[in-house]
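The values are calculated or read from the model by the stated rules, or taken from the named source; none is laboratory data. Treat the numbers as computed from the prediction; the structure is a model and nothing was measured. Please note: Cβ atoms are built from the backbone with ideal geometry, for glycine as well, and neighbour counts cover all protein chains shown.
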Amino acid sequence: MKLTRINFESTATVPVPTVSQLTNRIRSVLESDFGQISVMGEVSNFTAHTSGHRYFSLKDEQSSISCVMWRGKAVSFQIKDGLKVKLTGKVTVYPPQGRYQIDVSTVMPAGEGDLYLAYEALKQKLQEKGYFAQERKKILPGNILKIGVSTSPTGAAVRDIISTIERRFPLATIYFRPTLVQGEGSAQDIAKAIAELDNLPLDVIIIGRGGGSIEDLWAYNEEIVANAIFNAKKPIISAVGHETDFTIADFVADLRAATPTASAEIVTSVTLEDYMYHIDVKVSAMQRAANRVVEKTRNLITKTFAQKGLRRIQERIAILKQNLKLNTNSMMTDVRRQVDFAKNGLQSKYAVIKANDPKAPLNKGYALLSDGKAYITNEQSLNQFTAIQIIRKNETVEIKLNQ
């Protein structure tokens, strides 16, 4: 047997396309092969953007495809989730996300979708049973301190509800029951959560979740959930999806909130600031009442003294005045006596000083002798001085002595 060796190495280099190049090739193939197409299905997850563009999914029992209808394309009816439609357009690729979609040219209603029909049937059934009657709905209490919350533990709804309550009224106590809000078994878990929270000492219960398609919210359209809400003893607020989403739970609940955040604002309609203001008002009223009691008591005491004790007070004041006058006279007598005694003492001392004054004899015509530094006494001889001063009352004469 002769074996032949095969060389798998190619001498030519095949270029590798980029992601954008590959996406554009796929887009070119899809758009050229399909061209204008028509398709029928049920609308789901419809969104009307503020720009005027409309986005939705078209689905059947097994598949789903994204659709976009640009602003300016006229529609003669209201597109909504659950509606069965027939549309025309072209298949294209959205490069930033690498997914294909239908660029819708026209859309026409083709009947009600299966989910929408089931929704309307249950809604009609429960309305006839009185589940939506306004007179059976429970009123929320004025002071809400204990709040039950049933929602997914991982979604944005639980964060929005808890953060809003804590910000507006941190004194409230939240009883959170993590709940399965979509998928298999979710309706049963929601009903069970309502029953569990209803057995707790709560003031109100919030059930809800964030927005989504009609399929995502469908658990809140199940009859088991409607029965749980209807049979609950506590007031229930339904906060399912966005403002435009309406579920059976919204109609049965005692109150509907447009969003989960709105439900938290409803149960904290009286905020901590409101409580503090109310307390301040009460304290001010109590202070005014206390002031009135004090003023009334003061007036009563004044009146009583004026009627019964005024004369006694006046007599006491007169006695005090008399005692003050006697004490003042006694003090003045003692002061005069002390002054006279001091005066006599000073006069005696002045007479002694005056008698011992060396210049006193000058008034009688006598003279004093001095060497210019001190007076010359009788014990000193004039022979020891060269010059002396003769001091008289009105003159001083200097005399030189001959030795």
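Looking only at residues of region 80-102 that are free of Cβ contacts under 8 Å to residues at least 60 places away in the same chain, crowded, with 18+ Cβ neighbours inside 10 Å and not β-branched (V, I, T), we find that the one that is nearest to R25 (Cα to Cα) is Q101.
If you scan region 191-227, which residues turn out to be within 16 Å of R256 (Cβ to Cβ) and more than 33 Å from the chain's Cα centre (by Cα)? Listed by number, the residues that qualify are L217, Y220, N221, V225, A226.
Consider F77 carefully, then state whether it is surrounded by 10 or more Cβ atoms within 10 Å (Cβ to Cβ) and assigned to a strand (DSSP E or B).
no
Would you check if L58 is within 30 Å of E215 (Cα to Cα), surrounded by 12 or more Cβ atoms within 10 Å (Cβ to Cβ) and modelled with pLDDT under 85?
No: the conditions fail for L58.
Does K308 satisfy being at pLDDT below 70, in a helix (DSSP H, G or I) and among the charged types (D, E, K, R)? Considered against the rule, which asks whether it is at pLDDT below 70, in a helix (DSSP H, G or I) and among the charged types (D, E, K, R), K308 comes out as yes.
Look through region 197-253, keep the residues that are aromatic (F, W, Y) and outside any loop (DSSP other than H, G, I, E, B), and return whichever of them is farthest from N143 (Cα to Cα). So the residue we want is W218. Does R159 qualify as being part of a strand (DSSP E or B), within 20 Å of A257 (Cα to Cα) and not hydroxyl-bearing (S, T, Y)? Here the answer is no, as R159 does not meet what is asked.
Just name the residue that is surrounded by the fewest Cβ atoms within 10 Å (Cβ to Cβ) out of those in region 186-210 that are out of contact with any helix residue (DSSP H, G or I) (no Cβ under 9 Å at 6 or more places or on another chain) and either over 22 Å from I147 (Cβ atoms) or hydrophobic (A, V, I, L, M, F, W, C) (or both). Across region 186-210, the extreme among qualifying residues is L200.
Considering each of R177, R168 in turn, give the residue that is in contact with a strand residue (DSSP E or B) (Cβ under 8 Å, 6 or more places away or on another chain), buried (at least 18 other Cβ atoms within 10 Å of the Cβ) and basic (K, R).
Of the residues listed, the single one that is in contact with a strand residue (DSSP E or B) (Cβ under 8 Å, 6 or more places away or on another chain), buried (at least 18 other Cβ atoms within 10 Å of the Cβ) and basic (K, R) is R177.
Screening the candidates I102, I65 for the property of being within 20 Å of D216 (Cβ to Cβ), β-branched (V, I, T) and either touching a Cys at 6+ places or on another chain (Cβ under 8 Å) or modelled with pLDDT of 85 or more (or both) yields one hit, I65. What about A258, is it at pLDDT 80 or above, closer than 27 Å to A172 by Cα and part of a helix (DSSP H, G or I)? Judged against the criteria, A258 is not a match.
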